[in-house]
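All remarks here apply to the structure that follows.
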Amino acid sequence: MIQKNIHLPIFFFAFLSLITGIFSGWQRIGWNIDLSNVVSQHGTLMASVFFGTLLMLEKCLAMPSRYYLLIPFVNGISILFLYFGNVHLALSLTTLASAAMCGVAFEMKRIAKQKLYWLFIVGFFCLFAGNIFLLFTGLFQASAVLWMSFILFIIVGERLELTRFLAVTVAQKNLLWIALSLVLIGVGPYHFYGNYIFGIGIICVSLWLLKFDIAFKNLKQKGQPHYSALTIIIGYFWLIVSAFYIITADTYNHFDYDALLHSFFLGFAFSMIFAHVPIIFPSLFKLKIKIYHPVYYVIITMMNLTVAARIIGDQLQSDELRKWAGLTNGLVILLFFMSTIIIVFNGLRKSVN
């Protein structure tokens, strides 16, 4: 019998992987931190374990049985084996969980009978492909492209779920499908000039979202809807920045590669996290309170400034600027989640009183 609150330890493992990923990232850019067992797995911690577990949890909570939650649980506990230095077993668990999520995505498509659910299928297949590729080759650069595709396809699918309520024509939606096809076509030969196709596809996806996403309508509102909409739009601009580096960066130059990865994962992906936490957390934790405070505007401003500083550090090839910007990147992420926890506890206390 699966416990009713199994999603709580799943979230704990996801958050543990986030903290470990941040600290291992700090070590990689020069801070005196000793995480020898996990420092080489920084990308795995952030993309496969943290983002993977969160997005698996979100999808599995919508399924009819709690047994589906075993999938993000298996993905989440891989962090423990990384701590103990058993990288092969940890990667085996993430590969197994992502393979299972491909099946879940097909089941979601069968239940919903909507075309947009193909994006979730493709997204989780990209996660599975990235995980299994890393498991058998140890080549992070190839897996990173697949992990980026995973996050992109899942987020676009979720945004399309909301956009379906807008007056978007079939022809306009077909433009998005063409753009996403370019992204997918560019994945395989990415390191053999496929990056140009991949990057152009991402630019086209970004422009489509900037034109048709419901976020622009929500900008007219106040409070949490305005905050989430603004953060999402900022994320789309970071997606364009990442596409620029995808097309132009020399991936053998660690400054270029750092700018490419972190404009996507910090600029785009974390913007999506920051935007959707106030929307998703109440349903995730069965909370009947509003998760929002104006301090979120301060946090997203700090986040964007520190990501921009990191990219500038990469452009200037300044290890020192990149080191300090990387430190503040992580601190702002932790500040966001700490602030959210405080907001939740204050909301619960007021609801009781």
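The values are calculated or read from the model by the stated rules, or taken from the named source; none is laboratory data. Keep in mind that this is a model prediction, so the values were computed, not measured. A quick note on method: Cβ atoms are made from the backbone with ideal geometry, for glycine too, and the neighbour counts reach across all protein chains shown.
List of remarks:
- Filtered residues of the stretch 37-53 (kept if over 12 Å from MET101 (Cβ atoms) and not polar (S, T, N, Q)): VAL38, VAL39, HIS42, GLY43, LEU45, MET46, ALA47, VAL49, PHE50, PHE51
- Filtered residues of the stretch 12-48 (kept if modelled with pLDDT of 90 or more and more than 22 Å from ALA259 (Cβ to Cβ)): PHE12, PHE13, ALA14, PHE15, LEU16, SER17, ILE19, THR20
- The single condition among (1) loosely packed, with under 14 Cβ neighbours inside 10 Å; (2) touching a residue at least 40 places away in the same chain (Cβ under 8 Å); (3) within 20 Å of the chain's Cα centre (by Cα) that SER351 does not meet is (3).
- Filter result for the condition that a residue is more than 16 Å from the chain's Cα centre (by Cα), surrounded by fewer than 18 Cβ atoms within 10 Å (Cβ to Cβ) and not charged (D, E, K, R), over LEU230, LEU209, LEU219: LEU219
- Single residue of the stretch 293-329 satisfying the filter (in contact (Cβ under 8 Å) with a residue 40 or more places away in the chain and polar (S, T, N, Q)) that is nearest to SER263 (Cα to Cα): ASN304
- Any hit, the stretch 196-215, residues being touching a residue at least 60 places away in the same chain (Cβ under 8 Å) and of a type outside the set (A, V, I, L, M): no
- Check on ILE154, crowded, with 21+ Cβ neighbours inside 10 Å, outside the structural domain of VAL298 (by TED's automatic domain parsing) and part of a helix (DSSP H, G or I): yes
- The lone exception for LEU91 - which of (1) of a type in the set (A, V, I, L, M, F, W, C); (2) outside the structural domain of MET46 (by TED's automatic domain parsing); (3) under 21 Å from PHE51 (Cα atoms) it fails: (2)
- Residue match in the stretch 88-108 (condition: modelled with pLDDT under 90 and over 19 Å from the mean Cα position of the chain (by Cα)): no
- Residue within the stretch 250-265 that is more than 25 Å from LEU316 (Cβ to Cβ) and either crowded, with 20+ Cβ neighbours inside 10 Å or in contact with a Lys or Arg (Cβ under 6 Å, 6 or more places away or on another chain) (or both) present: no
- Flag for PHE128 being in contact with a Lys or Arg (Cβ under 8 Å, 6 or more places away or on another chain) and outside any loop (DSSP other than H, G, I, E, B): no
- Test for SER24: is it surrounded by 20 or more Cβ atoms within 10 Å (Cβ to Cβ), free of Cβ contacts under 8 Å to residues at least 24 places away in the same chain and within 27 Å of VAL307 (Cβ to Cβ): yes
- Scanning the stretch 129-151 for residues that are of a type outside the set (A, V, I, L, M, F, W, C) and more than 12 Å from the chain's Cα centre (by Cα) gives GLY130, ASN131, THR137, GLY138, GLN141, SER143.
- Residue in the stretch 187-205 that is under 20 Å from ILE151 (Cα atoms) and either in contact with an Asp or Glu (Cβ under 8 Å, 6 or more places away or on another chain) or in a loop (DSSP other than H, G, I, E, B) (or both) present: yes
- Inter-residue pairs, beta-carbon under 9 Å, first not assigned by TED's automatic domain parsing to the domain that holds PHE51 and in the stretch 257-276, second surrounded by fewer than 24 Cβ atoms within 10 Å (Cβ to Cβ) and not in a helix (DSSP H, G or I), 6+ apart: TYR257/ALA249; TYR257/ASP250; TYR257/THR251; ASP258/ILE29; ALA259/ALA249; LEU260/ALA249; LEU260/THR251
- Subset tally (residues that are free of Cβ contacts under 8 Å to residues at least 60 places away in the same chain and under 23 Å from PHE124 (Cα atoms)) for the stretch 27-55: 6
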